[in-house]
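**Student:** Structure provided below as structure tokens; questions to follow.
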Amino acid sequence: MQRCISLPSDEAALSVSDIQKIVDAHISQLEDTLVGNLSYYSDNARYEPGSLRVTQIVPLSGSDYSMTYHYRWTIFNGCLDIDAVEHKEERITFTHSGSQLCFNIIDNSRPSPSDEL
């Protein structure tokens, strides 16, 4: 699955810091997609809104890049009657095509029973 951000103008050459600024400016559009579905941890797992931060963007080859980001999420611990705070760091790749940045998102949604058959 891909999620793309359109750039204001067709910019063939952007520095890593320029790309970082663009991603930071559009992080709210990417947030749900980058965090995904946390139900594979537990049905009680919840993303902490606004906690997603891009920590590193690294050029790979040509127009391909790697992006590392982290976020906080909570899970209710019924035995202790508290919300435990967890931190998650993930890495994805994306492509700069000149007119947009396209992120290669891993679909981590829980499969339905029909998907398991």
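Computed from the coordinates by the stated procedures, all read-outs in this text should not be read as laboratory data. All values derive from a computational prediction rather than experimental measurement. In this analysis, Cβ positions are derived from the backbone assuming ideal geometry, glycine residues included, and neighbour counts consider all displayed protein chains.
**Student:** Tell me the net charge near Ile57. Cut-off is 15 Å between Cβ atoms, Ile57 excluded, with +1 for each Lys or Arg and -1 for each Asp or Glu.
**Tutor:** Residues close to Ile57 contribute a combined charge of -2.
**Student:** Could you go through the range 66-79 in sequence order and give the Karplus-derived ³J(HN,Hα) for each residue, using 6.51 cos²θ - 1.76 cosθ + 1.60 with θ = phi - 60°, rounded to whole Hz, and x for Gly and Pro?
**Tutor:** Those phi angles translate into 10, 10, 9, 9, 9, 7, 9, 9, 10, 9, 6, 9, x, 5 Hz.
**Student:** Which FRET efficiency value, to the nearest 0.05, is calculated for Ala45 and Ala13 with the Förster distance at 41 angstrom and r the Cβ-Cβ distance?
**Tutor:** 0.50
**Student:** When the Kirkwood hydrodynamic radius is evaluated over all pairs of different C-alpha atoms of the chain, what value in angstrom, to one decimal, is obtained?
**Tutor:** About 15.8 Å for the chain.
**Student:** Once you measure Cβ to Cβ distances between cysteines in the chain, which Cys have no partner under 4.7 Å?
**Tutor:** So far as the 4.7 Å Cβ criterion goes, Cys79 stand without a partner in the chain.
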